[in-house]
Amino acid sequence: MRLVRPSLTASVALLAGLALAGCVSSTNAGWTFAPPPSATPVPAASGSPAAGGSAAPSAVPAASGPAASGPVASGPVASGSTADVTITALNIAFTQASVNAPAGKAFTLLFDNQDASVQHDVYIKDASGTQVFAGAIVTGPAQTTYNIPSLAAGSYTFFCSIHTNMTGTLVVQ
């Protein structure tokens, strides 16, 4: 008859006991099969804001200054305002070939991206090709209003930086 070493038997028994104790222990071992709770609040199922929240987007002030100091970037401003100019994106194209804007004063541009799940933006460059405005990216369908700085009278090109075939003319007069 062959004898089993007592130290091997004791080691196996100890490991089995530790494994079993880890499975039935009431203390938290520092890990779990469930994912940790999200730090981001879950939106209400109806699409309405959580208690104390607001459905309106927050306003982001646009950078200001003369166009000669470089391109101006702008985020969306609060919705519900009226705009001086409207540009619409649909089927990976701008629906307006040309739009007019006032010369010598800042103006607002309503950008209406009607392409579902498609990102678009509006950039403006002057006749020399210098970029004078860079709008934030908008994933459709959505609208945003950009604050455009004062531009001198003339003809400008507006375009989508993501889809460079999307272009139009901004006539400032």
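The values are calculated or read from the model by the stated rules, or taken from the named source; none is laboratory data. As the structure is a prediction and not an experimental result, all values here were calculated from the model. Cβ coordinates were reconstructed from backbone atoms using ideal geometry, including for glycine residues, and neighbour counts include every protein chain displayed.
Kindly provide the set of residues from the range 95-114 that are part of a loop (DSSP other than H, G, I, E, B) and over 19 Å from the mean Cα position of the chain (by Cα), ordered by number.
Those that are part of a loop (DSSP other than H, G, I, E, B) and over 19 Å from the mean Cα position of the chain (by Cα): T95, Q96, A97, P102, A103, G104, K105, A106.
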Exercise. Specify which of the listed residues (A136, A152) is aliphatic (A, V, I, L, M), under 23 Å from the mean Cα position of the chain (by Cα) and at negative phi.
Key: A136
Quiz item: In this structure, is T95 free of Cβ contacts under 8 Å to residues at least 40 places away in the same chain and farther than 18 Å from V172 by Cα?
Solution: yes
Quiz item: Is it true that some residue in the range 142-151 is loosely packed, with under 15 Cβ neighbours inside 10 Å and among the small types (G, A, S)?
Solution: no
Quiz item: When S46 is evaluated against the numbered criteria (1) modelled with pLDDT of 50 or more; (2) farther than 19 Å from H163 by Cα, which criterion, by number, is the only one it fails?
Solution: (1)
